[in-house]
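The values are calculated or read from the model by the stated rules, or taken from the named source; none is laboratory data. All figures in this text were calculated on a predicted structure; none of them were measured in a lab. Because the Cβ atoms are built from the backbone with ideal geometry, glycine has one as well, and the counts that use them run over all protein chains shown. Protein only, heavy atoms only, side chains kept; ligands, DNA and RNA dropped before computing areas. Shrake-Rupley method; radii C 1.70, N 1.55, O 1.52, S 1.80 Å.
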Amino acid sequence: MSETAAPNDPGGGRASAPAVGRHGDMLRRVGGGVRYTDDIHLPGMLHAKIVRCPHPHARIVSIDASEALAMEGVHGVVTGKDMPIKFGIIPWTPDEYPLALEIARFVGDGVAAVAATDERTALDASRKIKIEYEILPYVTDPHEALARPEIGLGKRGDSNLSKHVALEFGDVDRAFQESDVISEADYFFEGSAHAPIETHCAIGHYDNEGLVTLWSATQVPHYVHRELSRVLQLSPARIRVIQPPVGAGFGGKSEPFDLEFCVVKLSMITGRPVKILYSREEEFYAHRGRHPMHMHFKVGAKRDGTLMAVDAKTLIDGGAYSSFGLVTTYYSGQLLTLPAFPSNYRFDSTRVFTNKPPCGPKRGHGSVQPRFAYEVALDKIAVEIDMDPVLLRRKNAVEPNSTTLNGMRVTSNGFAECLDAVVEASEWDDRRGKLPYGRGLGVAASSYISGTNYPIYPNEMPQSAVQLKVDRSGRVTIFSGQSEIGQGCDQLLRVIVADELGLDYSSVRVVSGDTDLTPVDLGAYSSRGTFMNGNAALMAAREVKAKLREVVAEKLSCPIKKITVSRGALCHIDDPSRSVDVTSAIQLAEAKFGTLGSVGYYKTPTLGGDYRGGTIGASPAYSFTAHVAEVDVDTETGEVRIVKIWIAHDCGKAICPVIVEGQMEGSAYMGAAEAVLEEHVCRADGMHVGPSLLDYRIPTSLDVPDLEALIIESNDPEGPLGAKEAGEGPLHPSIPAIANAIYDAVGVRMDHLPFTPAKVLRALRAKAAAAGSEDAAE
C-alpha cells in the first residue's frame, strides 16, 4: 500500500486510528491498512544507497565519487568526513561513525552514501564510487580475538576487549567442596538474526526553515533523536523523529543506525527528502542480533536436591562494534539468579570485538544464552541424583517478596503456579520418561525484567509519560511516546484508559511515536512497555477519573466514594439506576474545571545491589515462566520435530489476554526456531554464509509446533492493574526444554546450538560407540 504524506503532515505516516473493538488496529494490520515507512512518498523525494566495505578490516585510503556525481539523476554523496562524530546507544561506549571515517571494521560497514532520483539510479551510482582500501589483519573468532590483541579493535587499540565483568556472591569454592554432585560442561549458543519482515527504512527531510523530520522504522525514537542532534550538531528542538508502524523489531531496531544519519545529511545537502531502504542482505549485515556465546558452566548440588553453587565463565562474540555490549556482558550473568538458584554464585563474562557484523539485543537480550546452559545443567543434576527436574526447581525457587543473592528485589512471583500449570497440562507425571524411544518431554524455567531500572543515559526525569486530551464529545486521545512495533502497546493503553473512564474502546484514540506530538518514552526494549507506559497511562486516567467522579457526586448529591465507573456511565454504587453517562460527565467536568486533560508518568524506585554493576539487571518487577516441550527424534536422520510446547507465564495481570497469549506463543516459536534451525554464521573471511531468507532458515507455518499458552496472574503490587511483562520472558525456557526433551527421548545431551540433524546423529553415534566400548570391556 502506497500513500503520499506531505512533509508537514502531523501524522507523518503514523496517523492515529480509531480502535476496532478490544483488539485495536489488528484488523487494519491484517487488512493492509497500515502505512509503514517505505509506504511514505514525499514530493521530490530522492532515494539513496549506502556503499559498503567488502573487506572484514580495512583502512580507507581514498574515496572518489566524481564519476557517480557526474551521472544524470545523482544529487549528492556523503562520506565519513561529512559526519565525523561517533555515536552509540550506550553513552559510555560510542564507537561507530555514521559512515566509516578511516577504518572499516567488518564486511558491510558503510563507507559512503549516494542520493539519486530513483533507487535504480542510486544503486548504479553506488557502483561508480571508487574506494581504495588498505587491507588490515582481521579476526573472526572470539578465541582468536583474545589471542591476538595486536588487531587492536578495543578502545585503546591494544586489545580486542569490549567489556569484562567478574562478580562473586557467597563462598563459591567452599560450596563446591560441600557439594555431592557437580555438573560441569561447555555450552555453545550460535548467534541468530532478528529476520523481521520489514527491513530498516528511513526518510529524512530538511526543510526551508532548517527543521529536520526523520521517519524511521525504529524501536527507540527518543534515542535516535538524541544521537541525531549530537552527531549532526543540530539543536534537538529542531529535530522531529516519527516512528510509523514497524513491521517487527525483536530488538534489531533498538538503537540508531547508519541510514538514519545518512538520509538527514543527504537531505541537508540536496534540499530534498531522502529515503533509504535496506535490502535483505543489508539487514543481515547490519545485524545487531543474538551474540554467539561460549559458556563453561559448573553447577554443584546436594543429593537431596539443594543447589549449592554456580560458576559460569562466558566468552561473548560481540562483532565489530559495542552496540548494547556493555549491558549484554552484565546480563549474561546478572539475570540468571531467578527463578531457582543457589546461594553461591560466580560469573566471569568477557565480550570481545571481532571483524564481523555487530551483535546487539535480540528478544531476551543477553540472558537467553546462559539460560540454555544453566537449565540443561539443572537437568543433568536431576538425572544424577534421580530427582524429578520439576521438583529440583521447586526446591530451590526464590520466594516472593525477597531479594536475590545479587541484590535484585522480587515482588510478585508466580513461578510455582507456572510449574503447576505445565505439569498438569502436559501430563508430566504420567508421561515423562515413559514415552516410546524417540519421543520425550523436557522442562525448563526462567525469569525476565519488566523494564530496566534506569534509563540508558543517566538522568532524573521520568522514563515514560502519557498525556490525555479529553474532548467534550466523549472522545479521549492518548499521546504517548511509546513505540508500537506490533506488540500491542497502543492497544494496552487504549484498554487501560477506556476501562478507567468507562468509555467504549472505539472512543479512545492513540497517537504515539512522534517526538513533536508526544511526551518522552524511552522506547520498545527490555519489556518495559506494559509496566512503565501502562503505569503512566493509569496515572493520567485516574486524574481525569477523579474529576468525573467529583462532578457526578455533586450531580447526584452523594459522597464521591459512592460513585463508581461502569461501561458507559458513572453510577451510584448502591443504586445503579442513579447514573450519568460518561459524555455528560465529561461535559460537567469541563464546565467546572475548564478544558480537560492530564499527564501521567512513571519513574522507577531506587533498585539494585550496592556494587559496581549492581543496578544492571535490576527491575521494578520480574516475570516468571516455565515450559514443557515434547519432541520426536528421528534416529535415522537426526531430525528433531518439536511436537508441542506448553508455556506457562506469570504476567502479573493479563490486561489484554489475547495479546498476552500472542506474545507467549511468539516467544516460544522464536525459541524453538533458534533451537533447531537458526544460525547467523560468517565465514573465516567475514562474509556471511547466506544473507537471505532463502539461506537463513526460519520456520514456515508448517514447521511451527503446537503451542499452548497458560496465563498465570500473580498481580504485581506495583504493576499497572497488577501487570508485568510478557514480550520476552516466555522465550527463554523453550530452548533448554527442547534440549532436555531430546535427552528424555534418546538419551543424548545437546549442548551446542542449533540442534541440527547432523549434530544429533553425531551424538547418537557417539552414544552407541560408547555403549559398544562398555560392552566390550565387560
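With an a/c value of 1.5 or above and a/b not larger than b/c for the gyration tensor axes a ≥ b ≥ c computed over the alpha-carbon atoms, segment 217-279 is described as oblate. Computed on protein heavy atoms with a 1.4 Å probe, the accessible areas place R240, R371, R578, R148 in the order R578, R148, R240, R371, largest first.
Between amide H atoms placed 1.01 Å from N, distances below 5 Å from T354 occur with G318, G319, A320, all of them 5 or more places distant or on a separate chain.
Measuring only protein heavy atoms, the 1.4 Å probe finds D379 accessible over about 10 Å². Listed values for segment 315-324 are Karplus-derived 3J(HN,Hα) couplings in whole Hz (6.51 cos²θ - 1.76 cosθ + 1.60, θ = phi - 60°), namely 10, 10, 8, x, x, 7, 9, 6, 6, 8, and x replaces Gly and Pro. Taking amide H as placed 1.01 Å from N in the peptide plane, V241 has its amide H under 5 Å from the amide H of L214, T515, D516, each at least 5 places away in sequence or on another chain. Between V61 and R472, the modelled label-to-label distance comes to 7.5 nm, taking each label 7 Å out from Cα in the direction of the beta carbon. Within segment 157-316, the percentage of alpha carbon pairs spaced more than 21 angstrom apart rounds to 62%. Here the alpha carbons of segment 377-480 define both size measures, Rg and Dmax, at 22.1, 69 Å.
Of all lysines in the structure, the ones whose alpha carbon falls short of 20 Å from that of K759, not counting any fewer than 8 places away in one chain, are K380, K767.
With Cα atoms defining each centre, segment 717-733 and segment 584-617 are spaced 19 Å apart in the structure.
Relative to the globular-protein estimate of 2.2 N^0.38 Å, the Cα radius of gyration of segment 321-365 stands at 1.35. Amide H contacts of V398: A340, F341, each under 5 Å away and 5 or more positions distant or on a separate chain (H built 1.01 Å from N in the peptide plane; Pro and chain starts excluded).
Report the extension gain between M387 and R230 in nm, rounded to one decimal, defined as 0.36 nm multiplied by the number of residues separating them, less their alpha carbon distance. Let's see the in-between values first.
Working: separation 157, 0.36 × 157 = 56.52 nm, distance 5.70 nm.
Full-extension gain reported as 50.8 nm.
Across segment 563-669, the convex hull enclosing all Cα atoms gives 248 Å³ per residue.
Taking other residues whose beta carbon is less than 12 angstrom from the beta carbon of T117, and scoring Lys, Arg as +1 and Asp, Glu as -1, yields -1.
Using the Cβ-Cβ distance between A248 and V658 with R0 set to 25 Å, the FRET efficiency works out to roughly 0.85. Here's the picture: a label point sits 7 Å out from the Cα of T637 along the beta-carbon direction, and within segment 679-707 the residues with their amide nitrogen under 15 Å of it are 700, 702-704. Relative to the current alpha-carbon distance between D581 and E72, full extension at 0.36 nm per residue lengthens the span by 176.8 nm. Listed by chain and number, the aspartates and glutamates placed with their C-alpha closer than 15 angstrom to that of K395 are D304, E375, D379, D386, E417, D420; residues fewer than eight positions away on the same chain are left out. Separation of segment 148-211 and segment 270-319, taken as the distance between their Cα centroids, equals 6 angstrom. Just so you know, the averaged projected area of the alpha carbon convex hull for segment 476-587 sits at 7.3 nm².
Stokes-Einstein, applied to the Kirkwood radius of the chain over Cα pairs at a viscosity of 0.692 mPa s and 37 °C, places its translational diffusion at 120 µm² s⁻¹.
Rounded to the nearest Hz, the phi-derived 3J(HN,Hα) couplings of segment 356-369 under the Karplus curve 6.51 cos²θ - 1.76 cosθ + 1.60 (θ = phi - 60°) are 9, x, x, 9, x, x, 10, 1, x, 2, x, 10, 5, 5, where x marks glycine and proline. With only the Cα atoms considered, segment 239-308 has a convex hull volume of 193 Å³ per residue. Among the listed pairs K253/K356; K356/K724; K49/K163; K130/K356, a Cα-Cα separation exceeding 30 Å is found for K356/K724; K49/K163.
Determine the calculated [θ] at 222 nm for the chain from helices alone, applying -39500 (n - 2.57) to every DSSP H run no shorter than 4 residues and normalising by the residue count; nearest 500 deg cm²/dmol.
Details: 19 runs with 213 residues, N = 778.
Helices in the chain give a 222 nm mean residue ellipticity of -8500 deg cm²/dmol.
If you roll a 1.4 Å probe over segment 436-513 with all protein chains in place, what percent of the accessible area is carbon or sulfur? All intermediate terms of the calculation are to be shown ahead of the outcome.
On the way: 1200 of 2200 Å².
Carbon and sulfur together cover 55 percent of it.
I'd like the FRET efficiency for R303 and V704, computed as 1/(1 + (r/R0)^6) with the beta carbon distance as r and R0 of 35 Å, rounded to 0.05. Can you show the working numbers first?
Working: r = 40 Å, r/R0 = 1.15.
Taking R0 as 35 Å, the efficiency between R303 and V704 is 0.30.
Note on K562: lysines with a C-alpha under 16 Å away, same-chain residues under 8 apart excluded, are K545, K547.
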